[in-house]
Each structure stands twice: as structure tokens, then as C-alpha cells.
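Read the structure below first, then the notes.
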Amino acid sequence: MGSWFFEEKDKIGILTLDKPGTDVNVLTTESLTEFKDQHLAKIAARIDLEALMIRSAKSRIFVAGADINEIAGITTEKDAFEKAEQGKAVFQKLEDLKIPTVCVINGACLGGGYELALACTYRVAAFSDNVKIGLPEANLGILPGFGGSIRLPRLLGLTKALPMILAGRVVSAKDALKVGMVDRLFPAGSLDADALAFTRQAVQKKIRPKKRTKDFMTGFLEDNPLGRSLVFSRAREDVAQKAKHFYPAPYEIIKLIEKTYGRVSPRAYRLESEHFARLGTTGVSKNLIKLFFMSEKYKKVAWTKLAVKTPPVKKCGVIGAGVMGGGIAQLVSAKNIPVRVKDINEGALGGALREAQQIYQGALKRRKITGYEMARKMNLISVGLTPEGLQRCDVIIEAVVEDLGIKQKVFKDLDERASAGTILASNTSSLSVTKMAAVTQNPGRVIGLHFFNPVHRMPLVEIIRAEQTSEETIDRMVQFARLLGKTVIVVQDAPGFLVNRLLLPYMNEAAYLLETGMGPEQIDRLVENFGMPMGPVELADQVGIDVGVKVAHILQDAFGARMRVADILEDVKQKGLLGKKSGKGFYLHQGKKKTVNPEVKTGTHPAKVSEEDALKRMIYIMINEAARCLEEGVVDSPETVDMGMVMGTGFPPFRAGLLHYADQTGLQNIVTDLERFAATVDRERFQPSPYLLKLAKENRKFYS
Ligand SMILES: NC(=O)c1ccc[n+]([C@@H]2O[C@H](COP(=O)([O-])OP(=O)(O)OC[C@H]3O[C@@H](n4cnc5c(N)ncnc54)[C@H](O)[C@@H]3O)[C@@H](O)[C@H]2O)c1
């Protein structure tokens, strides 16, 4: 069955893409060949046709992009080169048609989809939230290979197009119109009719492709070699800062556009295919694609076997207006859900409101929201010292201090007050949710909902299934967290759950390395060079040494000697060096500047450790602990570990997660090193877990 359907209305051809058996259009080799051979060839031969419209039959998608499965399957540069050449041959045929062509964008128009649009004479789109337009290829470690790297700069100019391609930026319909990526917006309800009328006007030459106007500065930057070299060198600096040396795609994009900007020759297009080919086979691209597939999957994982969907959360309560409670309240209000915040301290309530206001102000400054929207969303947050307004909430999230006794008191009280249908959630980082549920009459409605700090930025919510949490409670919270824009993983109720259970031993190991005499900056640099967004010593300062030590002790109590808290952490905490919040921790924090704090005594247990071993100790300790989490059933799969680590800790996306990294390193190699560390550094901390040993022995991987 074909994907393209042709019809005619008064000499205007209308080609509709409707990939069978799915609600998503993607461009496959097959559908591109069909487009070219069965339609474009015929249309080119028709002298009576006056124009062509290209549209989608899917309700929310024009074309989501080229088929990523095909990109993932590329194994050689030659293969990659040929794929790019085939695609651009199709779009060249489209561009070469002698009649006006109009691309009608009703929804997502990404990557190959927008490259198709770029080969048309005009692009019109629906004024709808479904419309998302851009060339996000760089996010998959590749570049637009169907002519987009040439045509977008030609359409928008170098200064606008280059940053968009480098960042893989996807924009709304409104922004697409503003920058010139589309020519017109029409109401979604009348898109087809309006697009047809637009096409008629194009035929009658009442509309012509817009000529770009440039101000003096843009003209200087784009039209002479000196200006252009300035643009490229700035782009290189920017990329060096953001992508560091980890991501080759942005560098390749700059090199390509440097050679092709202002040229429309076949040679320019060929160069694009050559640069595409270089990226299409890199390990980085393969890993980013793996991560893309995982993220897509985790947007939909059911997590329960419930056949009927639970109702959406319409009102939310938060107990505790501190860092986390305030952040959660802001996020909930941002999604237009009323939220009631209760604290025992009036000052904390004011602080939470100020914090929310600040976040909105930032969004206002970046023109993400209007002043009116900001006021409306702020009005959705109400605060108080009494429990009024909590009874009718669909969920109440507890975010008071990390103390089981205090949390149990809060849960007992909530259980008595809240109506029967209200879910009671805890934002605890490490404590037993089952023990909180134990003080309630209905433990089925108690669950862990672990947000990360800062709440509005961190993309993960770890949902904790306590012993008696009901399926309905889990499903409702999964939907709620997704509504808040978060990626969800569901894990069992065990100390530290998943993310902190891995992260704390890693930070603890960094502390042990400080004791050997390595410096904080050296350790942080090692880990940053591995690709983590921040080193573990700085992270400890950011989290707060007191908070970190508290959680570390909870893990030590639960898991014993292998999680023994390093003395240096206790020492620093006792000196009152709490990290960034007190201005002093392992570093001295003055504004954005940080220098090593001389008050911290490192090298208390001197030992010679190579940088390679130091890095291995920190990373492998996490891999070993992740193997235990799998073995104990705390997590259901290696994918959940990887989603948790990438989304919850910023584990380098180009490595596709901790366990993909482990598989690529080789489990036997990891076991050999762990055994060496167990023999020479500490038996308890590094003893390989039975599951890791088993996999390595059987020459298997975490991902089968
Ligand atoms: N800060 C983080 O980075 C982070 C990240 C994830 C999870 N958590 C968890 O979130 C929870 C809150 O952490 P935080 O950093 O926001 O703490 P915080 O100290 O900033 O805020 C706690 C707030 O709770 C209030 N409070 C204490 N007892 C109360 C009670 N009985 N009723 C109402 N309010 C009460 C306090 O007045 C304070 O305003 C903890 O369980 C913590 O482990 C924290």
C-alpha cells in the first residue's frame, strides 16, 4: 500500500502523505522513492497543472522526520553518503518543478520533513500548538542531509540559520513565522481551504516569495568574507563551550556551512552528503539515537496493567514550602493546575512565592510567557499555615525535611484530613515510603514522587512504588508527572531508590579520592572530561554537604560497609562548611567564582592513584551498584537505569547512559578493575556484585 495520494482541484495538484498503519508520518527510503517515481515524475510531465500543494493526512503531524531506524542502521560512510544523496535527489526534483509548490504544515515538521518543506516555493502552517518546526538533526549527532544545511541558510541568512542548525532548535508556528521559516499562518480549522486560496494567489502571482531584507549589521556579517569569518569563529567558540569535545556534529556543521554558504551548486549539496556521511557512523550518533528511542519509549511506558485510565489531577497540595516544595508548586501552576502550599513557617511561604515569581520572570524575559499568563499562573498558587484547602486536592505532595519521624507525623495528619480519593505523595530522597504509608489507614494511596532540584529544569521524576501502593495511585501519578513535562521511571521502595543509590557512592568515592591527596579541581575536571555536567565535589557543594551526608548515612545504615561515609565528609560537615548555601564547602563560593577552600584538609590517607583509576573508581562503583539494583528488582531494566541516570544526573547523553557505557567498555574489563580495586583499595566497596560477575563470566551484557 502506498503512502502518497494525489488529487486535483481546479488544476492544483494536492499530494497527501498518509503512511499506512500509523499515526506518524516519517520519510523512509520507500516513501521517498514513491514520492519521486510515482508522483513527482508525473507532475513534472503535466503541463496543465498550475501548482502543487503537499499536505499530511495525520492529525498532529506533517512529517516527524526521516526514519530514524534507517539512520540507526547505517554502518558505513558509503551507506550514509548514498542515503543522503538519494534523499536530496528527491527534494531536488521537487525544487525543480516549474510550478509553485506549497507545503501545508499542520503539525510536527521536523528534520527531513522540514527539508521537504524547504524545497517548496512556499511554506504555510496552522496556528496551532501541534506545529513544531525545525532541523533537530544535531541532537542525534548528525546534520541535515537532505539539503537542509544549504537551504535553511539560503532562506534565513547565515546569522539566523547557523545557530538554529547547531542547536537543533525546534520552534513554534508563531516563532517560525517571525524568523521566516514559514510564509503564512492560518487557523488550524481552515488550514486546507486557506492554503488552497493561498496557492491560487501564488498561481496568479499575487503572492511572490519574500525577498529577505537585511539591516546594516546583518549585511556586514553575511555578505563579506570578514563578517562571515567572524560569525563562524563566534559559532566555534560557542560550540566549544557547550558541546566541548564530546559532540562532533556542531563542528562538522560549521565546517560544512563555511564551505557552502552562498553557493547553490551541486558541489555544495554533495559536500553536505560527505559531511553527513562522516557523522552518520560515529559512536556518538549511535548512542544519541539509542537515547532518543529510549526517551520516546519512556514517554509511553504504562508501568501498570490497568485497563482504564485514572482521572487527571485537577488540584494539588504541597506540604513544606522549602527548596523543593516551592519548586513543585511553581511547576504545577505552570501547567495551569491550582496548588495549595502549607508550611509551618510563614517566611518559607513568602520565599516559595518569591522563587516562583523569579522563575516566571525569567520566562517572561525570554518571551516564553506573557505578563498576563504570568499573573494568571501566580494566582494559581495559594499559601497558608493551616490545612485549609487541602481536603479537596487530588494529590498532596509532602516536601518537609528529610526525617522519617516528621514525615510520618505529616502523613498521619494528612490521612485523617484528606478526602478518601486524595493521593498522598512524598518527595523524599531516600527514606522508606512504605514506613510513611504504615502510619496511614489506606497505604494504597501513598507513593513516592521524587522530583530533582531545580524542579523546573530537571527532567526526571522517580516514582516510588511502596509495598502497598495501588496500581491506580501509580497510574495517576505517572500521568500527573508526564503532564508536568517530566520523564518518569517507576522504582521499588529501597533506600536511595535508584538515582541517589548510585549517585551517593559516586560522590562518596570522590571524597575517598580527596583523602588520597587528589584535589577537588582535579577530581571535578576528570569527571567533567568524561562528560558529566558537573564534577562530584562541586555537586556535593551544590546539594549541601549536610544534606548529602544525611542521605549518605541513610545508605550506610541500609547497606553497611560498602557505603561507609568517607571521614572527610563528616569532617567538612562538622566544621560547618555546608557548601554553596553557606558560601563555603570544598570550595569557597563568591558569586559565580569558586576557589578551593584551604580549610578542607585533603590527603589524610595519602596514596598514589592514577587519574585513569580515579575515574574508574567513581564510575564503576555506580555500575556495580546498578547491577545490584537490577538483581534486587529495584529497577525493572537496564533502560530504566539509563533513563534515570541521564535525566536525573546528567550522565553524558552521548554515552547513552551508565549501562550502555558499561556494555561498551566490556563487563569483563570492569570486573577485572573492580577486583583489582577490591584487592588494593577496599574489599567492601569494590567487590563486584554477583549479577555483574555472572554477566561478565557468561560474556553477556546488561542489554541482551
Ligand atoms: N533539596 C534537594 O536538592 C532535594 C532534592 C530532591 C528531594 N529532596 C527532598 O525534598 C524534601 C524537602 O527538601 P528541601 O530541600 O525542600 O527542604 P527545605 O529544608 O528547603 O524545606 C523544608 C520545608 O518544610 C517545612 N516544614 C518542616 N516541617 C513541616 C511540617 N510539619 N509541615 C509543614 N512544613 C514543614 C520547613 O519549614 C521548610 O520550609 C526532603 O525530603 C528532601 O530529601 C530534596
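Read-outs throughout are calculated quantities, based only on the coordinates presented, and are distinct from any laboratory measurement. It should be emphasised that the depicted structure is a prediction, and the values quoted were computed from it without experimental measurement. Methodologically, a virtual Cβ is constructed for each residue, glycine included, from the backbone with ideal geometry; neighbour enumeration extends over all protein chains shown.
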Handout entry: Nearest-20 debye value, the chain charge dipole, Cβ charges on Lys, Arg, Asp, Glu
Key = 2320 debye
Problem - Glu95 paired with Glu346, simple spin-label distance in nm, labels 7 Å along Cα-to-beta-carbon - result: 6.8 nm
Exercise for the section: Return Val446, Val681, Val488 ranked ascending by Cβ neighbour count within 10 Å, so the fewest neighbours appear first. Expected result: Val681, Val488, Val446
Exercise for the section: With r as the distance between the Cβ atoms of Ala240 and Arg525 and R0 = 22 Å, compute the FRET efficiency 1/(1 + (r/R0)^6) and round to 0.05. Expected result: 0.85
Problem - Pair Lys11, Arg60: separation of 7 Å Cα→Cβ label points (nm) - result: 4.0 nm
Fill in the blank from the handout: Computed on Cα atoms, the radius of gyration and Dmax of the range 4-281 in angstrom are 18.1, 55
Completion exercise
Using eta = 0.890 mPa s and T = 25 °C, Stokes-Einstein with Kirkwood Rh from Cα pairs puts D for the range 166-213, in µm² s⁻¹, at 198 µm²/s
Practice task
Using Cβ-Cβ distances only, list the Cys residues of the chain with no partner cysteine under 4.7 Å, sorted by number.
Solution key: Cys109, Cys316, Cys393, Cys629
Practice task
Report the relative contact order of the range 273-380, percent, no decimals, based on alpha-carbon pairs under 8 angstrom and at least 6 residues apart.
Solution key: 21 percent
Exercise for the section: Would you mind checking the range 271-299 for residues with the amide N under 18 Å from a putative spin-label position 7 Å along Cα→C-beta of Glu373? Expected result: none
Problem - the range 316-491 - convex hull of the alpha-carbon atoms, volume per residue in Å³ - result: 96 Å³
Handout entry: Projected-area mean, the range 478-618, by convex hull of Cα positions, square nanometres
Key = 9.7 nm²
Practice task
Express in whole angstrom the spacing between the alpha-carbon centres of the range 590-608 and the range 491-551.
Solution key: 15 Å
Exercise for the section: Once you have the Cα-Cα distance between Val681 and Met1, take 0.36 nm times their residue separation minus that, and quote the gain in nm to one decimal. Expected result: 238.4 nm
Problem - Amide H partners (placed H, <5 Å) of His589, local residues excluded - result: Lys584
Exercise for the section: Would you give the gap between the C-alpha center of the range 366-381 and the C-alpha center of the range 25-49, rounded to a whole Å? Expected result: 46 Å
Problem - Residue among Ile545, Met507, Leu483 farthest towards the positive dipole end of the range 462-563, charges placed on Cβ - result: Leu483
Fill in the blank from the handout: Exposure-ranked with fewest Cβ neighbours within 10 Å first, Glu521, Glu625 stand as Glu521, Glu625
Completion exercise
Note to self: C-alpha centroids of the range 276-339 and the range 160-234 sit apart, in Å, by 32 Å
Problem - Spacing of the two label points (7 Å from each Cα toward its C-beta) at Arg263 and Arg366, in nm - result: 3.7 nm
Completion exercise
Taking Cα pairs closer than 8 Å and at least 6 residues apart, the relative contact order of the range 500-697 in percent is 23 percent
Completion exercise
On the formula 1/(1 + (r/R0)^6), with r taken between the Cβ atoms of Gln590 and Ser382 and R0 of 35 Å, the FRET efficiency rounded to 0.05 is 0.40
Practice task
Filter the trypsin sites (Lys or Arg not before Pro) in the range 532-606 down to the DSSP loop ones having no more than 13 other Cβ atoms within 10 Å, then list what survives.
Solution key: Lys592, Lys601
Handout entry: Estimated translational D of the range 579-626 in µm²/s (Stokes, Kirkwood radius over Cα pairs; 10 °C; 1.306 mPa s)
Key = 120 µm²/s
Practice task
Figure the gain on full extension for Ser582 and His553 (residue separation times 0.36 nm, minus the Cα-Cα span) and round it to one decimal in nm.
Solution key: 8.3 nm
Practice task
Tell me the trypsin sites (Lys or Arg not before Pro) within the range 67-125 that lie in a loop according to DSSP and have at most 11 other beta-carbon atoms within 10 Å.
Solution key: Lys98
Handout entry: Binned Cα-Cα distances of the range 587-704, short to long, each 5 Å bin given as a whole percent
Key = 2, 10, 18, 19, 16, 12, 10, 7, 4, 1, 0
Handout entry: the chain - convex hull of the alpha-carbon atoms, volume per residue in Å³
Key = 180 Å³
Exercise for the section: Only Lys, Arg, Asp and Glu count, each charged at its Cβ (+1, +1, -1, -1), so figure out the dipole size of the range 500-697 about its Cα centre, rounded to 20 debye. Expected result: 420 debye
Exercise for the section: Take every Cα pair under 8 Å in the chain that's 6+ residues apart, average their separations, divide by the length, and report that relative contact order as a whole percent. Expected result: 8 percent
Problem - Length released on extending from Glu416 to Gln574, taking residue separation times 0.36 nm less the Cα-Cα span - result: 53.0 nm
